[in-house]
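Here's the structure, in structure tokens; my notes come after.
Each reported figure results from applying straightforward, stated rules to the coordinates on display, with no laboratory input. Computed from a predicted model, the values in this text were never measured in an experiment. Glycine also receives a Cβ, built like all others from the backbone with ideal geometry; neighbour counts cover every protein chain displayed.
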Amino acid sequence: MKHRAVVASGLILGSVAAVITLLARYGIGPVLAWIAAARGMSGTVFVIVYVLAAIVLVPDSLLTIAAGVIFGLVRGVILVSVGSMLGAAAAFFLGRTFAREWVHRRAERWLKFHAMNRAISRHGFWLVFLTRLSPIIPYGPLNYAYSITTVRVRDYLIASWIGMLPATVLYVYAGTVAATLTAVIAGRTSLGQKGNILLIAGLLATIVMIVLLTYFTKRELARELES
């Protein structure tokens, strides 16, 4: 039993190392092409790639759109949801443990960080939810940014999942109407009318988020100065 566990761990680590090597050497295109041609374990490999991409800050939009081409709408949404949540959780964990000092040094450069952090401690769920709705705030850096705030893990995970779901459906849907995976990798995709409506809704959520975040940050900054 112990021998099997060692072998399984070795295979998993070997697979992870292989995927990271492919991403670093050839980029995401060949990896997606291999997943599209693979059978059986393609869904699992896709989720692993999504998680690793989140950790090393590879943009997620291409992966999400490609999921629509490779897996279709329903399965693509499920796999992206699983991958994005595991990736968000993994980056969040790294940011609160091994990479905390690295993330904190970069956050400290922003003078209003402490005030924003206090706002998140009181309104964490809604601020996470609104930032996840926004199509212009990058997914990867946001995972690390939240890791050094006081947001509760439960609020972070639930708000992230709900907030990312509309964009997940939007980009996976864009993949389903794309002609080929090659077109997706080359950036030749169209969101269509429904996709544009969802995109506009996401932009409106961005405006609401900016207004609320500015308000909460200014209020907390005023409290900091008074104290």
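Some observations on this one:
- Distant-in-sequence amide H partners of residue 177 (H built 1.01 Å from N, under 5 Å): none
- A simple packing score, the average count of other Cβ atoms within 10 Å per residue, orders the peptides 62-70, 90-98, 139-147, 119-127 as 62-70, 139-147, 119-127, 90-98, with the highest score first.
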